[in-house]
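Below: one structure, written as structure tokens.
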Amino acid sequence: MNSLTRTIGRLTRINQKHVKLSSLDYQVHPGFGTVKAIGEGIDYIIKPANPQEFPDADRAFVSFYGISSSSLDTVKVELIGENKDTLAVSSSPGSSRLYCEIEVPIKYDIIANLQSDACLQIVSMEADEIDITTEDGEVVTRSLKSHNIRIKTQHGDVTAEGTLQGNIFIIAKSTVSAL
């Protein structure tokens, strides 16, 4: 079991049979921008790209994992915006059994609108704005700092591990604060 599976295995459908299906590399607007995760059927992990390897904060990476027979036909990745400062990852119905790892500069804002039971984990980000909405999916944060953090889930759980710092607005079925 790899470290990524151990880290988020309890919140997603990840299992031993998942393999890397695709990996994309983007040159992005240095320093500040937005990552958007939209759709259903895919679980997302958002974390910072390694600042020692990419000190200019101008690189983003998107990797998809699933069982070897999984298709990425229902997934779309775009670098949009006038300054190429928004990395958008979207999925449509039929994308189940996948998860997506997104690595962006540490200061990128996060917008996620996930349907069905799609889950999200955010690790060690320092954004200005974080706005997350899920239906049934769980949201897990670890070491998260932002001016404004908005998390809304209709039926999913919200778990904060470590630091959760900023103006925090959470609407959820249940919340757990873990150390």
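Where a number appears in this text, it was derived from the coordinates with a stated rule and is not lab data. Just so it is clear, the structure is predicted and the values come from calculations on it, not from any experiment. Don't worry about glycine lacking a Cβ; one is built from the backbone with ideal geometry, like all the others, and counts go over all protein chains shown.
Show me the GluC sites (Glu not before Pro) within the stretch 64-112 that DSSP assigns to loop and that have at most 12 other Cβ atoms within 10 Å of their Cβ. All intermediate terms of the calculation are to be shown ahead of the outcome.
Details: sites: GLU78, GLU82, GLU101, GLU103; in loops: GLU82.
Listed in order of number, the matching sites are GLU82.
What does the charge count near GLU53 come to, summing +1 for each Lys or Arg and -1 for each Asp or Glu among other residues with Cβ under 15 Å from its Cβ?
The answer is -2.
Listing THR163, THR141 from the residue with the fewest other Cβ atoms within 10 Å to the one with the most, what is the order? Before the final figure, lay out the partial values.
On the way: THR163 12, THR141 25.
Result, fewest neighbours first: THR163, THR141.
Within 9 Å, Cβ to Cβ, of ILE122, how many net charges do the neighbouring residues add up to if Lys/Arg are +1 and Asp/Glu are -1?
+2
Remind me, relative contact order of the stretch 3-178 in percent, using alpha carbon pairs under 8 angstrom and six or more residues apart?
Once normalised by length, the contact order is 21 percent.
Along the Cα-to-Cβ line of HIS147, 7 Å from the Cα, sits a label point; which residues in the stretch 50-84 have backbone N less than 15 Å from it?
Answer for this model: none.
Starting from 0 in steps of 5 Å, tell me what percent of the Cα-Cα pairs of the chain lands in each bin.
2, 8, 19, 22, 22, 17, 8, 2, 0
Considering only DSSP beta bridges where both residues belong to the chain, give the percentage that are antiparallel (nearest 5).
Here the share of antiparallel DSSP bridges comes out near 25 percent.
At 7 Å along Cα-to-Cβ for each site, give me the label-to-label distance between ASP25 and GLU161 in nm.
2.9 nm
Could you work out [θ]222 nm for the chain from helices alone, using -39500 (n - 2.57) per DSSP H run of at least four and dividing by all its residues? Round to the nearest 500 deg cm²/dmol.
-1000 deg cm²/dmol
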